[in-house]
Amino acid sequence: MTKEIIQNIIPWLLSHGIKIVVIVLAAYLLGRFGKIFIEKIIRKAVVSDHFLSKEAEKKREDTLIRIFNGAFRVIIWIVTLMMVLSELGMDIGPLLAGAGIAGLAFGFGGQYLIRDVIAGLFIILENQYRVGDVVCLDKTCGLVEDITLRLTILRDLDGAVHHIPNGEIKKSSNLSKYFARVNLNIGVSYGSNLEKVIEVVNRVGKEMAEDPRWKEFITKPPQFLRVDDFGDSAVVIKILGETKPLKQWDVTGELRKRLKIAFDRENIEIPFPQMVVHQKE
């Protein structure tokens, strides 16, 4: 009995077994070489945008490479599975027919998947955002950790990960594309000398832009722009500057610190809401 089994298995291994090993090995090698080929093609095919830095261009290319590699791997291993099942003696014709019927049955549910994939394709082709960008998708903001044709994965400041289907994104706001801005409103008391305030603000912004620790992040020094509002207890001034992408929050925080120190030194008051209570005798 054992001898008969061995006699039957050995010919199968020498024919179908070897073919299966060759198919799997070929799929593995095709996946490896395909990854290299896709990367080279995308690096050459993506048209350079003179508004983008080299770092931003690389993020865009890396995002495209990741997505096309993922799609390519899925196709390869589906084809490989069909070939292996055929070598194992299974008739894949009914299997393919059944898959077609199942696909038709789930057609109405699949419309959402198709919607997500089409939306994801346009997000990628239009370069709306890339892996590594900070974006707001409707009311959800965070760092883009991954993009697929179906969904976008964001991680917010609390560390929470959000999986957002691309087809549900109505508005995307990229906070790190091309450049970013320092957009700061700050209030000073009505008794302050406004010309002096403007001089201090511009000096602090210029000094910060010339500081070796910060000058590589600042492309346009933060400067006084206008009187933005007359508040209940303060004259609100607007300060505007430009930074490299993703550096606006660091620069704005440092600017606030320096302005507070400079205002204290120059006796410029930053008022806060106060309430006067009159007690009836």
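Some points to look at:
- Once the Cβ-Cβ distance of VAL236 and ARG66 is raised to the sixth power relative to R0 = 35 Å, the FRET efficiency obtained is 0.20.
- Value of Rg/Rh across the stretch 180-265 [Cα atoms, Kirkwood radius]: 0.97
- You can think of it this way: the chain between ILE118 and THR219 has 32.7 nm of extra reach, that is 0.36 nm per residue less the Cα-Cα gap.
- Set of aspartates and glutamates near LYS171 by C-alpha distance (under 15 Å), chain-local residues within fewer than 8 positions excluded: ASP116, GLU126, ASP138
- Taking label points 7 Å from Cα along the Cα-to-Cβ direction, SER189 and HIS162 give a separation of 4.2 nm.
- Modelled spin labels at LYS257 and LEU25, positioned 7 Å past Cα toward Cβ, are 6.1 nm from each other.
- Cross-link pairs exceeding 22 Å between alpha carbons, from the set LYS196/LYS247; LYS177/LYS257; LYS206/LYS260: LYS196/LYS247; LYS177/LYS257.
- Structural descriptor for the stretch 180-265: relative contact order 41 percent, calculated from alpha carbon pairs under 8 angstrom and at least 6 residues apart.
- Couplings 3J(HN,Hα) for the stretch 77-84, derived from phi with the Karplus relation 6.51 cos²θ - 1.76 cosθ + 1.60 (θ = phi - 60°), are 6, 5, 4, 4, 4, 4, 5, 5 Hz, where x marks Gly and Pro.
- Highest mean packing first, where packing is the average number of other Cβ atoms within 10 Å per residue, the peptides 177-183, 119-125, 212-218 line up as 177-183, 119-125, 212-218.
- Estimated inter-spin distance, VAL227 and VAL74, nm [label 7 Å along Cα→Cβ]: 5.9 nm
Each value in this text was obtained by applying a stated rule to the coordinates, not by laboratory testing. Owing to the predicted nature of the structure, the values given are computational and were not obtained by experimental measurement. For neighbour counting, all protein chains shown are included, and Cβ atoms are generated from backbone atoms with ideal geometry for every residue, glycine included.
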